[in-house]
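Just below is one structure, and these are the notes that go with it.
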Amino acid sequence: MSVVPADAEGIARAARILRDGGLVAFPTETVYGLGADATNGKAVARIFEAKGRPSFNPLIVHIPDAAAAADFAVVPDHFAALAKAFWPGPLTLVMGRKPASAVSDLVSAGGATLALRVPDAPAAIALLRATARPLAAPSANRSGSISPTRAEHVAASLQDRVDLILDAGPCRVGLESTVLDISGATPAILRPGSVTREQIAAVIGAVVAGADDPNAPKSPGTQLSHYAPSLPLRINASEARAGEAFLGFGPDSATLSLSATGDLREAAANLFAMLRALDDTQRFTGIAVAPIPDRDVGVAINDRLRRAAR
Ligand code: TXA
Ligand code: MG
């Protein structure tokens with residue numbers, strides 16, 4: 001495994017590896033992805049192996065622009081408005097799989113739907129264009145651990161299980177994309193992210209089911225234990241108990257603060273790197289996290305914290 005800058009040379013090398021069936025970790029605006037050619041079943045199988053991911057958990061396919069979606073999915077009514085409003089960007093759309101799609105069945109775990117996303121990161125788009133293949137890419141971490149927002153996190157988690165890591169520094173958003181299922185009658189959020197339910201509802205002018213709606217469909221991935229640091233995590237804490245680190249939000253003193261000014265987007269961008277940093281020092285017996293307002297991207301932050309705490 002080697003780590004190289006996501007410049008023209010690095011991207012050309014990464015594209016060769018991907019076209020030969022290898023695995024490349026690359027930056028997106030959300031988290032680093034572990035990419036493989038989505039049309040190559042053997043390469044896709046390597047993703048599941050490298051992550052230790054159960055094969056029933058489907059992968060997101062990354063494409064360079066909205067026009068490419070119709071090559072792989074049956075695009076429903078709401079697609080055009082959503083793609084226009086949010087792509088490129090941190091919204092993944094789950095749609096019906098196109099029957100004659102070139103994408104490997106493994107990607108959708110044998111199911112009838114396919115998740116597509118156009119990432120909003122120049123290096124990712126350059127890589128998609130250079131490779132000229134759709135790229136299946138889950139977060140570039142071992143299954144069950146925290147998603148990587150820096151190249152160093154990928155290297156520490158996957159080591160030699162990945163052929164090349166493209167480094168473009170820290171990810172701007174820092175939380176995985178919102179996953180929205182538009183394959184059925186009612187659009188449903190399967191995983192909250194920085195594109196909110198309110199923003200989506202405003203664009204499509206229709207009811208959107210939330211991830212916590214008991215009747216809404218569920219994503220296989222969200223059923224699994226996830227995003228877990230190795231130290232126990234206590235959420236909605238007003239202060240640290242003996243031995244705990246305090247991960248703050250707002251002006252109060254803390255071991256680390258997600259955002260001293262109480263900015264939710266800054267908190268989202270810092271969340272995974274700060275959880276890792278506190279988890280990695282040998283100084284603490286647990287991590288206590290301040291309450292995060294449950295609005296805007298705070299909904300997604302609280303979703304990740306609840307999973308990490310359980
Ligand atoms: O921001 C992101 O989405 C990042 C970057 C790399 O794009 N990717 C990512 O992938 O977070 P992953 O595999 O860690 O999470 C994908 C989630 C999982 O919960 C999976 O179950 C769900 O999306 N998913 C993928 N395809 C699906 C499908 N066809 N139907 C329902 N859920 C699907
Ligand atoms: Mg993941």
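The values are calculated or read from the model by the stated rules, or taken from the named source; none is laboratory data. Since the model is a prediction, treat every value here as computed from it, not as a measurement. Neighbour counts are summed over all protein chains in view; Cβ atoms, including those assigned to glycine, are modelled from backbone coordinates with ideal geometry. In case anyone asks, the SASA skips ligands and DNA or RNA and just uses the protein heavy atoms, side chains included. Shrake-Rupley method; radii C 1.70, N 1.55, O 1.52, S 1.80 Å.
The table below gives the values:
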| read-out | value |
| --- | --- |
| Residues of region 114-132 satisfying the condition of being open to solvent by 20 Å² or more (accessible area, probe 1.4 Å), within 13 Å of ligand 1 (Cβ to nearest atom) and outside any loop (DSSP other than H, G, I, E, B) | 125 |
| Count of region 187-204 residues which are among the β-branched types (Val, Ile, Thr), within 15 Å of ligand 1 (Cβ to nearest atom) and either free of Cβ contacts under 8 Å to residues at least 40 places away in the same chain or not in a loop (DSSP other than H, G, I, E, B) (or both) | 1 |
| Matching strands (runs of 3 or more DSSP E) fully within region 1-113 where at least 1 residues are on the phi > 0 side of the Ramachandran plot | none |
| Some residue of region 164-182 being open to solvent by 20 Å² or more (accessible area, probe 1.4 Å), more than 14 Å from ligand 2 (Cβ to nearest atom), without any contact (Cβ under 8 Å) to a residue 60 or more places away in the chain and out of contact with any Asp or Glu (no Cβ under 6 Å at 6 or more places or on another chain) | no |
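Table: residues versus (1) surrounded by 20 or more Cβ atoms within 10 Å (Cβ to Cβ); (2) out of contact with any helix residue (DSSP H, G or I) (no Cβ under 6 Å at 6 or more places or on another chain).
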position: 218; (1), (2): no, yes
position: 244; (1), (2): yes, yes
position: 248; (1), (2): yes, yes
position: 251; (1), (2): no, yes
position: 257; (1), (2): yes, yes
position: 262; (1), (2): no, yes
position: 268; (1), (2): yes, no
